[in-house]
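So the structure is just underneath, and the comments pick up after that.
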Amino acid sequence: MDVKKAIVPVETVPGGVKQQGVHYEDVYAPRTQLSTLRILIQLRLVLWILGFSLDVITCFLNGELDVDEPMSVSWPNGLTMRGVFFGKLQKSVYGLKQAPRIWYRTSKKSLLAYDHRLRVSDDIDPCLFCIW
């Protein structure tokens, strides 16, 4: 790895240990309810509505971290950048407990910015987006 090309802004953490209760209180990410899926499938069959689905490859790697929630990681053994052993995450990674929540928040923000008529039905199912 060429260190000159891999220069990134870093933030050090004393000791590099996890602190109890820090960054782990908001790990919940909503999931589509089974009843919502059943209703949508029935509506498609009865009303002959064309439907589609998609799969986002490496979705957890596309989640953007907020500026107000800094997360630091330690470099692999043997790698130091200017004597610093820790780096600041700017995107979500697999294995991060907050990755599902970060991906949901990022995708929701992108969907709502794409179409101003799009609404999320938090009271029914937070994963159901409707246009009205």
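For every residue, the table says whether it meets (1) at pLDDT 85 or above; (2) within 28 Å of Phe129 (Cα to Cα); (3) of a type in the set (Gly, Ala, Ser).
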{"site": "Leu54", "(1), (2), (3)": "no, yes, no"}
{"site": "Met71", "(1), (2), (3)": "no, no, no"}
{"site": "Ser74", "(1), (2), (3)": "no, no, yes"}
{"site": "Leu79", "(1), (2), (3)": "no, no, no"}
Counting only residues in segment 69-113 that are aromatic (Phe, Trp, Tyr) and either closer than 16 Å to Cys127 by Cα or surrounded by 12 or more Cβ atoms within 10 Å (Cβ to Cβ) (or both), the one farthest from the chain's Cα centre (by Cα) is identified as Phe85
Scanning segment 116-126 residue by residue, those in a loop (DSSP other than H, G, I, E, B) and in contact with a strand residue (DSSP E or B) (Cβ under 7 Å, 6 or more places away or on another chain) turn out to be Arg117
The correct count of residues that are buried (at least 17 other Cβ atoms within 10 Å of the Cβ) and more than 18 Å from the chain's Cα centre (by Cα) in segment 114-132 is 1
In segment 98-111, anything in a helix (DSSP H, G or I) and touching a residue at least 12 places away in the same chain (Cβ under 8 Å) is listed as Ala99, Pro100, Arg101, Ile102, Trp103, Tyr104, Arg105, Thr106, Ser107, Lys108, Leu111
Subset of segment 39-69, residues over 18 Å from Asp26 (Cα atoms), of a type outside the set (Gly, Ala, Ser) and outside any helix (DSSP H, G or I), comes to Trp48, Ile49, Leu50, Phe52, Leu54, Asp55, Val56, Ile57, Thr58
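The values are calculated or read from the model by the stated rules, or taken from the named source; none is laboratory data. From a predicted model like this one, the values you see are computed outputs, not experimental measurements. Cβ sites come from the backbone with ideal geometry, for glycine too, and all protein chains shown count toward neighbours.
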